[in-house]
Amino acid sequence: MMLPRISARPSPAAAVAWDETHCPLCGHVDADCIQEAQDPTPAEGDGLWFAVVQCRHCSLRYTNPRPDAACIGRFYPGDYKPHRRPRKMDADRPSSWWGRLSGRSVERRGELPWEGPPGRLLDFGCGGGSFLKRMADRGWQVTGLDAAVGAVREVQESLGLTALVGSLPHEDLAPASFEVVTMWHSLEHVHDPLAILAEAYRLLTPGGKLIVACPNIDSWPFRWFGPAWFGLDLPRHLVHFTPKTLTDAMESSGFRVESVRPIRHGDWLRSSAKLAMKKGTANLWQRPLAWKPMAKFAAWLTYLAGQSDCMIAVARRP
């Protein structure tokens, strides 16, 4: 499946082509609406409303109806944060033992669950390339892939790293050409996640690993904030995984799942609280979560309870 190139936003007046989809995991069309929410970052004016439904057969939650693959690009703002490289790269140092124990985010830090020497790595949805740069500095042969033309150009010109425009499958990527494939908050953006996972399986060498980080909709923060939850991000997030449905998707693509564990994100709770306050829906106990120390404490509690709103899965190609 090829995603459209995200370069320039079409005219807001252009009609949206809607895709009424079957379940992206099991193919059934029997689902219940569980949440409606507004686009939190519209190009102009009030954002459109979208629905999240849950399949009655496999329990996958997904956006339906949704913009089709030809027009989803117009819903990505020109300053979409994941497409930008940070002005200042974080120092390339491992997390402390306390950070690992307490579930601090290890995403993009370069701490891969890989036992061998550095090899070849594909980062699907590479954005501004900060993770690619960190891994290249550690001796990995890296390739980035992203639908955002501007982000790919930045990786190529500013970082001097290999990056491709598009999605999977990609004509420039050969089978069994990577030891590791990473997907940092990108799998939830695609229309057909099983096709993406199947292609990742094909690109990995036997014994290679797939690492996926994505929001966890089966979490306390989603229950607390509902339509204001940061991890919802409609309509850019098309699939809303739980630990079970993410495991099911990876296993159905041939992977052997080694672990699915929570990651704590205090900034996500702060963003959710701020959005709820902006919408006027925040209650008295949610408002303090906009304060950084309180958000960090609450994120720690959700992690201890196994209810964090972010997760990371590691799977191996047999």
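Tabulated data
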{"read-out": "Selection status of F230, part of a helix (DSSP H, G or I) and of a type outside the set (K, R)", "value": "no"}
{"read-out": "Top-ranked residue of region 132-149 - restricted to ones that are assigned to a helix (DSSP H, G or I) and in contact with a strand residue (DSSP E or B) (Cβ under 6 Å, 6 or more places away or on another chain), ranked as surrounded by the fewest Cβ atoms within 10 Å (Cβ to Cβ)", "value": "V149"}
{"read-out": "Filter result for D90 (over 24 Å from D248 (Cβ atoms), at pLDDT 95 or above and out of contact with any Pro (no Cβ under 6 Å at 6 or more places or on another chain))", "value": "no"}
{"read-out": "Subset tally (residues that are part of a helix (DSSP H, G or I) and either within 20 Å of the chain's Cα centre (by Cα) or surrounded by fewer than 16 Cβ atoms within 10 Å (Cβ to Cβ) (or both)) for region 158-170", "value": "1"}
{"read-out": "Selection from region 252-295 of residues that are modelled with pLDDT under 95, of a type in the set (K, R) and crowded, with 18+ Cβ neighbours inside 10 Å", "value": "R264"}
{"read-out": "Top-ranked residue in region 24-53 [being free of Cβ contacts under 8 Å to residues at least 40 places away in the same chain and among the aliphatic types (A, V, I, L, M); ranked as farthest from V239 (Cα to Cα)]", "value": "A43"}
{"read-out": "Complete set of residues in region 32-47 that are under 20 Å from K81 (Cβ atoms) and at pLDDT below 95", "value": "P40, T41, P42, A43, E44, G47"}
{"read-out": "Filtered residue count, region 1-30, keeping only those that are under 15 Å from P42 (Cα atoms), at pLDDT below 50 and not small (G, A, S)", "value": "3"}
{"read-out": "Residue tally, condition modelled with pLDDT of 95 or more and crowded, with 20+ Cβ neighbours inside 10 Å, over region 118-128", "value": "6"}
{"read-out": "Residues within region 34-77 that are in contact with a Gly (Cβ under 8 Å, 6 or more places away or on another chain) and outside any loop (DSSP other than H, G, I, E, B), tallied", "value": "3"}
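Residues are listed down the side, and each one gets a yes or a no for (1) at pLDDT 95 or above; (2) out of contact with any Lys or Arg (no Cβ under 7 Å at 6 or more places or on another chain); (3) buried (at least 22 other Cβ atoms within 10 Å of the Cβ); (4) closer than 24 Å to W268 by Cβ:
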residue: A151; (1), (2), (3), (4): no, yes, yes, yes
residue: D172; (1), (2), (3), (4): yes, yes, no, no
residue: H189; (1), (2), (3), (4): yes, no, yes, yes
residue: A200; (1), (2), (3), (4): yes, yes, yes, no
residue: L204; (1), (2), (3), (4): yes, no, yes, no
residue: I217; (1), (2), (3), (4): yes, no, yes, yes
residue: G226; (1), (2), (3), (4): yes, yes, no, yes
residue: T247; (1), (2), (3), (4): yes, yes, no, yes
residue: M250; (1), (2), (3), (4): yes, yes, yes, yes
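The values are calculated or read from the model by the stated rules, or taken from the named source; none is laboratory data. Owing to the predicted nature of the structure, the values given are computational and were not obtained by experimental measurement. Positions of Cβ are backbone-derived with ideal geometry, glycine not excepted, and every protein chain shown enters the neighbour counts.
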